[in-house]
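The values are calculated or read from the model by the stated rules, or taken from the named source; none is laboratory data. Since we're looking at a predicted model, the values are computed, not measured. When we count neighbours, we look across all protein chains shown, and the Cβ atoms used for this are built from the backbone with ideal geometry, even at glycine.
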Amino acid sequence: MPKWLEIYNVASLPQKAYIFAEEAHKDAKRANGDPYITHCLTVAETVANWRLDESSIAAALLHDVVEDTKYTHKEIEKMFGQEVAFLVDGLTKLDTIQYPKKDPNIENLRKLIVSFSKDLRVIIIKLADRLHNMQTLQYLPRERQQALAWETTEIYAPLAYRLGMQKLSGELEDLAFPYLYPEEYEWLIDNVTELYEERQAYGEKIKPTVAKLLESHNIKTSQIDSRAKRYSSLYKKLLRYDMQLDKIYDLVAMRIIVNTVEECYTVLGIIHQEWSPLPGRIKDYIARPKPNGYRSLHTTVFCTDHKITEFQIRTQEMHEEDELGIAAHWAYQQIKSSKEHARNWLGVRSRRELLWIEQLRNWQKAFTNQKDFIESLKIDFFKDRIFVITPHNDVVDLPTGATPIDFAYQIHSDVGNACVGAKINGKIVPLDYELQSGDLVEIITQRGRKPSKDWLRFAKTSLAKKQIRSALQDKDHNLDKKDESHIEFKIVNEDRPGYLKDITAAFGDLKINITHLTSTTDHRHKFSSVTAKCEPISKDRLERALVKIKKIPGTREISYKFNR
Ligand code: MN
């Protein structure tokens, strides 16, 4: 410990860190002329507001010390212990890039991913750091502004979203928006401000009406307020609605916070009794939370004066989770129990929810090409997600445009490789079907099946593409590539559950690879017709296949032809 620090008889880690950081940065200034320590303090304050622990607050105060001052990682460890030193190290940029050709920004991102997958506090502190940097972006040169704004939108805002910190994610996007899209921002301000104000005033006007309505049903609300939609998300939505502002119903949403989950549903009922709901706009994120943990009930109703208004109903706990995300769980655990939990806090949240962090860590290893890495990061982890459901009722999240193939590989590479067909909500679909949020997805597999080259055309995730390619490579070694012909079976059968499974099993028993499987059902006459294509087989196996399929209960007709 330096001599000057010994004269302070300070007990707490954050106090000690503050004194140390102030001295270390004493000659440095922020771009706006403020002493550098103001930045460290703001970051630490944010981290404290998110209710992280003392080590995190200390690390927040010290986060730029190793990078910007003469002090080293070793010295930080000696003074503040291993835990704080680990956090600070995760936040320190690599200054020497080992491989001269690599992009230093991306190498730093890799490092961040590795350290935050070991300890999520690293990324939470990093997000607090980024928030303050974005809040003070106006002082930086134009080029830096754009680079930081881009990185914030592409990486940090989606990261915050994935960690359930929706409020922060929106804030970061809003801060970046004017720098990235100055013209669009101006257009928005010109066109929306008045409407915003009008809708805000409307929200204020109906607040007492809503309060009275709920009171009359003996519902105690802890909060009713109106919340304006963020500029950045409004703009994204407008792009989808041909810039027609009158189609955006949640420009200002009413938010009702109650005490219990039961009350959430009661309030939803009361609102629907009073104002009729718009069809298709009721969303129960309590029964089925978004994969990032978001819970609430949403509904849109024809409200007072026939104004279409969105309501969001949630408990206080859900509200805090929405704001703090993963940090909220961290905070709860801290209150609930002692250090033991704190040290092990990754274990307290459902493993499945955090699986993507583990994936992220493993993936960054797999990508040697910088562009691929960033692309996969953007598409596979962060960008517009859809949420589909497995037959076991698990939620799987995938990028928009994902197909059953992507889903299958997300479950397991063996499921992907053995995939011959897919059922969405009970109906068979082609493998290039575009999955929609809420789809129930069931993969039909066949043992010994190999992926088809065709899949690469429509697979969306890098994971699926990578695994298809590697399976194809194996396949190429085993197969005679010259012969591109195939056999097409047409099977007419009585429509009964499980028939398709019996067919794939029959082919599987004979080790015949199905490359294409479709089925159409005539519900009126209760029969289906299945088309199955497979790779060429010997006459003997073809005959055995015909016999086997004819024996399957429900088979009416079977025919086949050779295609070239
Ligand atoms: Mn900083």
Discussion item. Against the definition (under 26 Å from the mean Cα position of the chain (by Cα) and surrounded by 17 or more Cβ atoms within 10 Å (Cβ to Cβ)), how does Leu214 come out, yes or no?
Written reply: no
Worksheet item: If we scan segment 543-558, do we find a residue that is at pLDDT below 85 and basic (Lys, Arg)?
Response: no
Discussion item. I'd like to verify a number: residues in segment 470-501 that are surrounded by 15 or more Cβ atoms within 10 Å (Cβ to Cβ), in the same structural domain as Asp432 (by TED's automatic domain parsing) and either closer than 17 Å to Asp432 by Cα or modelled with pLDDT of 85 or more (or both), how many?
Written reply: 2
Worksheet entry | Long-range neighbours under 9 Å by Cβ, at least six apart or interchain, first residue at positive phi within segment 438-462, second in a strand (DSSP E or B) and of a type in the set (Phe, Trp, Tyr) | Gly438/Phe387
Practice prompt. Kindly indicate which of Leu163, Leu175 is crowded, with 18+ Cβ neighbours inside 10 Å, more than 16 Å from the ligand (Cβ to nearest atom) and either closer than 26 Å to Lys290 by Cβ or aromatic (Phe, Trp, Tyr) (or both).
Written response: Leu163
Discussion item. Just checking: which of the helices (runs of 4 or more DSSP H) contained wholly in segment 43-97 hold 2 or more residues that are assigned by TED's automatic domain parsing to the domain that holds Ser12 and away from the ligand (no atom under 16 Å from the Cβ)?
Written reply: 54-62, 73-91
Worksheet item: Which residues, counting only those in segment 390-421, are at pLDDT below 85 and on the phi > 0 side of the Ramachandran plot?
Response: Asn393
Item to complete: Considering only residues that are aliphatic (A, V, I, L, M) and within 14 Å of the ligand (Cβ to nearest atom), look in segment 18-30 and name the one that is nearest to Val84 (Cα to Cα).
Response: Ala21
Item to complete: Any chance you could count how many residues in segment 430-452 are at pLDDT 90 or above, of a type outside the set (Asp, Glu) and more than 20 Å from Phe507 (Cβ to Cβ)?
Response: 3
Response to the item:
Among the residues of segment 31-42, the number that are in a loop (DSSP other than H, G, I, E, B) and within 11 Å of the ligand (Cβ to nearest atom) is 1
